[in-house]
Amino acid sequence: MAHLTRWGILGAGKFALQHMGPAIHAAQGAKLVALGTSTEEKADPFKAFCPDLEVETDYDALLARPDIDAVYIPLPNTLHVEWTRRALRAGKHVLCEKPIAMRTAEIDSLIALRDETGLLAAEAYMILHHPQWRRAREIYQAGTLGDLVHVQGHFAYNNAADPGNIRNRPETGGGAIRDIGVYPYGATRFVTGQEPWAVRAKIGWENRVDTYSRVSADFDGFGAEFTVSMRMSLFQEMVFHGSDAVMRLSAPFNAGSYGEAEVELRTKEGRFTRERFTTAQQYELQVEAFGRAIHEGEAYPCPLEFSRGTQEMIDRIFASEVAGEVG
């Protein structure tokens with residue numbers, strides 16, 4: 001008999017409505033049971049795709065429901081740790097939106113509570129579930145690139161016109177590094193299995209929120225440059241440049257909505273190949289992997305220990321910055 005994971009969502013934000021709510025509803029072995037939100041009216045758009053969704057206007061009431069196995073937390077960044085802890089103590093598995101914490105030490109406390117409760121708690125870092133990133137790691141580990149020399153990652157969008165967006169507000173843990181920097185940083189760590197031994201950053205700030213950063217990082221044997229911004233035209237790309245070949249991912253983070261997921265490989269002899277991943281739905285794959293980890297004991301691709309490594313890199317980036325106030 002197939003296992004079923006019964007889900008609740010804490011918060012009716014735009015991302016939950018557009019991405020994770022539909023993914024939970026569509027994923028195999030998952031059922032979206034309830035939504036926690038301040039007013040029942042906010043649940044109406046969710047009911048458009050999940051008509052039997054039940055609504056709780058109190059988060060703790062949702063956590064108390066015996067028909068909920070796991071909760072997805074898309075709340076503002078500064079609330080992630082608090083509600084992850086509350087959910088674990090209520091006996092629920094937790095998939096929390098990234099960044100799951102604001103500092104590395106907070107993740108240490110979540111790891112301890114996860115181990116104490118025996119429940120699964122993880123960050124919703126969806127790209128590790130996409131087959132393009134599994135393939136990228138295979139190519140690197142096979143030695144196809146030769147000696148990796150340089151990694152270059154870019155991720156940008158422009159939300160300057162929306163000052164009320166939680167990403168533009170310091171009190172909700174906003175900023176480009178926490179919102180999108182996690183992707184090129186974590187993707188580099190995932191593919192190579194390495195941690196940076198040195199980082200240097202130039203950060204531009206507006207209203208105490210980082211809106212642009214240029215980060216240089218040194219890993220064993222290769223260097224990396226990362227640019228992330230909330231004030232630049234929409235763009236994303238990852239390039240791994242080795243002595244024997246160059247690997248490029250053209251839609252590395254928002255596969256499907258930004259563009260078709262492709263892994264391109266160009267060798268030093270000039271041979272060019274392109275692998276396309278046209279049907280993978282990374283949010284649904286994330287939900288399904290979470291369910292298998294709960295019910296079948298399968299290793300979850302993004303454990304808290306992995307998220308801790310990215311958060312530690314972020315902590316070091318902020319500590320090393322050469323700050324330049326802009327705007």
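Structure summary
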{"read-out": "Qualifying residues in the stretch 105-130 (those that are of a type in the set (Gly, Ala, Ser) and without any contact (Cβ under 8 Å) to a residue 60 or more places away in the chain) - the one nearest to PRO184 (Cα to Cα)", "value": "ALA105"}
{"read-out": "Of all residues in the stretch 62-72 being in contact (Cβ under 8 Å) with a residue 12 or more places away in the chain and surrounded by fewer than 17 Cβ atoms within 10 Å (Cβ to Cβ), the one that is farthest from ASN168 (Cα to Cα)", "value": "ASP67"}
{"read-out": "Failed criterion for ARG292 (all others in (1) in contact with a helix residue (DSSP H, G or I) (Cβ under 6 Å, 6 or more places away or on another chain); (2) among the charged types (D, E, K, R); (3) outside any loop (DSSP other than H, G, I, E, B) hold)", "value": "(1)"}
{"read-out": "Residues within the stretch 73-104 that are under 21 Å from ALA176 (Cα atoms) and either free of Cβ contacts under 8 Å to residues at least 12 places away in the same chain or of a type outside the set (Gly, Ala, Ser) (or both), tallied", "value": "17"}
{"read-out": "Any hit, the stretch 181-195, residues being assigned to a strand (DSSP E or B) and over 21 Å from SER257 (Cα atoms)", "value": "no"}
{"read-out": "Candidate set from the stretch 191-214 (those that are more than 30 Å from PRO163 (Cβ to Cβ) and among the aliphatic types (A, V, I, L, M)); member that is surrounded by the most Cβ atoms within 10 Å (Cβ to Cβ)", "value": "VAL191"}
{"read-out": "Which listed residue, of LEU75, LEU95, LEU128, is more than 30 Å from THR279 (Cβ to Cβ) and either part of a loop (DSSP other than H, G, I, E, B) or within 17 Å of the chain's Cα centre (by Cα) (or both)", "value": "LEU75"}
{"read-out": "Flag for GLY175 being at positive phi, surrounded by 22 or more Cβ atoms within 10 Å (Cβ to Cβ) and small (Gly, Ala, Ser)", "value": "yes"}
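Taken together, the values in this text are just the output of simple stated rules run on the coordinates, not laboratory data. The shown structure was predicted, so the numbers you read here are calculated from the model rather than taken from an experiment. Ideal geometry is used to build each Cβ from the backbone, glycine not excepted, and the neighbour counts take in all protein chains shown.
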